[in-house]
Amino acid sequence: MMRIKTLSAFFAGTLVYVLLSLFAGRDGIIAYDQLQRQKRAISRQTALIQKIHDELSLERTALEKDKDVIAAYARKLDYVSEGEKLVKITGLRPYEAALYDTGTVIRRVPIAFVSERTCKACGIAFFALTFALLSLVGERGEAMARRKKSQTLTESRGENEAGRAGMQSAGSKAGMRSVSFGGGTP
């Protein structure tokens with residue numbers, strides 16, 4: 001009986017440990033979900049940065065190889081070629097080149113999870129609690145079973161004795177004699 005109680009408590013404690021580790025542990029479902037959310041955010045940011053990179057690469061290629069683009073860019077910077085005159089108008093805002101937004105910095109958010117040590121401690125505590133409860137209930141249950149067994153035995157003995165007494169009194173009323181077959185007198 002004690003072996004069953006111990007194994008039951010051990011099973012319950014192990015079950016609590018496994019479930020806690022599965023859902024809230026370091027490699028659990030909750031931590032996995034948090035990592036997936038971070039991965040999606042990083043993927044969006046990476047796609048945005050890749051788009052900016054492609055635009056800048058295209059602009060760089062154009063600035064290196066296309067003379068018209070080079071001339072237009074030089075005019076934006078107030079350069080003039082031979083034979084051109086530079087006219088500056090005051091009171092107007094100068095042209096500002098568009099700056100590329102390289103995105104926001106994404107910091108790695110620490111994952112919230114229950115440590116392995118805590119999972120094991122909860123499993124062991126649940127084992128101890130279950131074992132204590134099974135022991136308390138078991139002792140009371142065993143005592144009640146012993147009491148019932150002794151009551152049943154007492155009742156059956158009483159019935160047997162009553163039955164024997166009834167048979168003896170019925171036998172004396174009917175005039176029965178006890179006979180011995182050992183060859184002696186009755």
Fill in the blank from the handout: With all protein chains in place and a 1.4 Å probe, Leu129 shows an accessible area in Å² (nearest 10) of 100
Exercise for the section: Pull out the extension gain between Ala74 and Ile106, defined as 0.36 nm times the separation in residues minus the alpha carbon to alpha carbon distance; nm, one decimal. Expected result: 7.9 nm
Problem - Sparsely packed GluC sites (Glu not before Pro) within the range 45-89, loop by DSSP, other Cβ within 10 Å at most 12 - result: Glu82, Glu84
Handout entry: Neighbour net charge for Lys51 - beta-carbon separation under 14 angstrom, K R +1, D E -1
Key = -3
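The values are calculated or read from the model by the stated rules, or taken from the named source; none is laboratory data. Since the model is a prediction, treat every value here as computed from it, not as a measurement. Glycine gets a Cβ as well: all are built from the backbone with ideal geometry, and neighbour counts include every protein chain shown. Side chains are part of the model used for accessible areas, which takes the heavy atoms of the whole protein and leaves out ligands, DNA and RNA. Shrake-Rupley method; radii C 1.70, N 1.55, O 1.52, S 1.80 Å.
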